[in-house]
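Have a look at the structure below before the remarks.
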Amino acid sequence: MSVWIALHTLAVVVWVGGMFFAYMALRPVAATLLEPPLRLPLWAQTFAKFFPWVWAAVGLLLLTGYVMLFQRFGGFATSPVYVHLMQGIGIAMMAIFLHVFFAPYGRLKRAVAAQDWPAGGKALGQVRRLIGVNLILGLATTAIAAGGRYL
């Protein structure tokens, strides 16, 4: 069980920690220092490096989460409320990520390739808002994971 917990935790750290860094550190600096012709390619390339890690984290979270759910609790019916909360929020986060990846991120990449800075800015704004929502959900889920069993 400890290996599954460790892998699950590492996947969370990669995904939520990456969002925290991007949203709270890189975004404000890039917005202050860089004009759209530099800022938008920076983000498109940053996401191109980060999103494969998110895909890996999502897969690992699903695998480890369900293994632990069935090994530790015997399934959904006997698992505590905090496990259901983590699963529900996690699935919502994955749905948001899928939308980001296939919709606004795709538009951002196309806009950068075409050097259409207004369209790229609009797409980046959508990505930013959705990552902000996912960051809040990820931090909440982390708090539930850390303290839920003590309720």
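The values are calculated or read from the model by the stated rules, or taken from the named source; none is laboratory data. Bear in mind the structure is a predicted one, so any value in this text is a computation, not a measurement. Positions of Cβ are generated from backbone atoms using ideal geometry, with glycine treated the same way; all protein chains shown enter the neighbour counts.
Observations on the structure shown:
- Of all residues in the stretch 8-30, those that are without any contact (Cβ under 8 Å) to a residue 40 or more places away in the chain have Cβ atoms under 8 Å from Cβ atoms of residues that are basic (Lys, Arg), 6 or more apart or on another chain, in 30/39.
- Within the stretch 107-127, residues that are among the acidic types (Asp, Glu) have Cβ atoms under 9 Å from residues that are modelled with pLDDT of 95 or more in these pairs: 116/110, counting only partners at least 6 apart in sequence or on another chain.
- Subset of the stretch 64-87 (residues that are touching a helix residue (DSSP H, G or I) at 6+ places or on another chain (Cβ under 9 Å) and free of Cβ contacts under 8 Å to residues at least 40 places away in the same chain): 66, 69, 73, 75, 76, 79, 87
- Being exposed (fewer than 12 other Cβ atoms within 10 Å of the Cβ) and more than 16 Å from the chain's Cα centre (by Cα) is not true of residue 64.
- When 14, 3, 67, 81 are checked against the criterion of being of a type outside the set (D, E, K, R) and either in contact with a Lys or Arg (Cβ under 9 Å, 6 or more places away or on another chain) or under 27 Å from residue 125 (Cβ atoms) (or both), 14 stands alone in meeting it.
- Residue match in the stretch 99-116 (condition: surrounded by 12 or more Cβ atoms within 10 Å (Cβ to Cβ) and within 17 Å of residue 142 (Cβ to Cβ)): no
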